[in-house]
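Here the structure comes first, spelled out in structure tokens, and everything after it is commentary.
The values are calculated or read from the model by the stated rules, or taken from the named source; none is laboratory data. What you see is a predicted model; the values in this text were computed from it and never measured. Cβ placement follows ideal geometry from the backbone for every residue including glycine, while neighbour counts extend to all protein chains displayed.
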Amino acid sequence: MGYSLSGAFSGAASLRDSSQPFISEAMLPRVALFIPCFVDQVCPQVGVDMARVLRRIGCEIHFPEEQTCCGQPAFNSGYWDDARAVAKRFMQVFDRAECVVGPSGSCVTMVRKFYPDLLGISPVYSKFYEFSEFLTNVARINDVGASFPHKVTIHDSCHALRELGIHDGPRALLKNVSGLELSEMPHSEDCCGFGGTFAVKFGMISAAMGEIKSANAETTGAEYVTSIDPSCLMHLDGVLRKKRSPLKAIHLASILASEAKQ
């Protein structure tokens, strides 16, 4: 897409905010950035925004450029041997990382919940965190100094909610964003219809589920629908664009990276 994530992350100065860190760097682990395929290829700004927020709160971050897919597509399609080879390399890349943070509940679920079946039980999987989960449970911070004066509704992605138990954290973060009005949509916990390869194998069902989810979001009168999973947002964005809805999709990291204009 003509955008280099490695270049963006290697330029430390480009990711530093003018504000002082909220927490002493000595209190936080050094964070390795896990950038999933969807983020790398479709919405790289999400990765950059996550990095901005992590730096703002005082984290030292680094981006292992040799990382690739976590293996979830192959795993979900039943190709476990292929997924296992990818997963082994993935773990080698992050072997020495103190803490790993990614902006996708789905991909972090793959590592934390499904790698034990694929590779065997290991305590190292616990060092992988979804972005909002890291902020609220590890850094223990709900206010990252963001400003986003818009009405927002939130979609709970399936893997993050049902596998990682993430629900309250993203809402706590949003409620502390200056100027943001959070409006809950009906049935926020229902699937958006993406489901990875499900959207390919069962396109008509996937599209219909997306229509229902987007309609629920529109009832709130929100300007933006947010989530912690870029794949869900890609799906919803396609549905919303097709029907020319004024509602826009935005990742939580991009909201939290926003600051008041000086």
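Among the candidates PHE38, PHE34, PHE9, the residue that is at pLDDT below 90 and touching a strand residue (DSSP E or B) at 6+ places or on another chain (Cβ under 7 Å) is uniquely PHE9. Looking across region 173-208 at every residue that is modelled with pLDDT under 90 and under 20 Å from the mean Cα position of the chain (by Cα), the one that is surrounded by the most Cβ atoms within 10 Å (Cβ to Cβ) is identified as CYS192. Of the numbered criteria (1) under 19 Å from VAL46 (Cα atoms); (2) touching a Leu at 6+ places or on another chain (Cβ under 6 Å); (3) not charged (D, E, K, R), the one VAL177 fails is (2).
Checking each residue in region 135-190 for being of a type in the set (Lys, Arg) and in a helix (DSSP H, G or I) picks out ARG162, ARG171, LYS175. When VAL124, VAL138 are checked against the criterion of being touching a residue at least 60 places away in the same chain (Cβ under 8 Å) and over 19 Å from ASP229 (Cα atoms), a single residue qualifies: VAL138. Note on region 41-91: residues that are in contact with a strand residue (DSSP E or B) (Cβ under 8 Å, 6 or more places away or on another chain) and within 22 Å of TYR115 (Cα to Cα) amount to 2.
Could you please let me know if GLY169 is modelled with pLDDT of 95 or more, outside the structural domain of ALA97 (by TED's automatic domain parsing), surrounded by 21 or more Cβ atoms within 10 Å (Cβ to Cβ) and small (Gly, Ala, Ser)? Yes, satisfied. For region 218-262, a residue qualifies if it is assigned to a helix (DSSP H, G or I) and more than 19 Å from the chain's Cα centre (by Cα), and the qualifying residues are GLU218, VAL239, LEU240, ARG241, LYS242. I'd like the residue in region 63-82 that is in contact (Cβ under 8 Å) with a residue 40 or more places away in the chain and not hydroxyl-bearing (Ser, Thr, Tyr) and, out of all such residues, is surrounded by the fewest Cβ atoms within 10 Å (Cβ to Cβ). So, considering only residues that are in contact (Cβ under 8 Å) with a residue 40 or more places away in the chain and not hydroxyl-bearing (Ser, Thr, Tyr), the one surrounded by the fewest Cβ atoms within 10 Å (Cβ to Cβ) is GLU65.
The residues of region 143-166 that are out of contact with any strand residue (DSSP E or B) (no Cβ under 7 Å at 6 or more places or on another chain), buried (at least 21 other Cβ atoms within 10 Å of the Cβ) and under 23 Å from ALA208 (Cα atoms), listed by number, are ASP156, HIS159.
Condition test on SER19, is it at pLDDT below 95, in contact with a Lys or Arg (Cβ under 7 Å, 6 or more places away or on another chain) and either surrounded by fewer than 17 Cβ atoms within 10 Å (Cβ to Cβ) or hydrophobic (A, V, I, L, M, F, W, C) (or both)? It is true that SER19 is at pLDDT below 95, in contact with a Lys or Arg (Cβ under 7 Å, 6 or more places away or on another chain) and either surrounded by fewer than 17 Cβ atoms within 10 Å (Cβ to Cβ) or hydrophobic (A, V, I, L, M, F, W, C) (or both).
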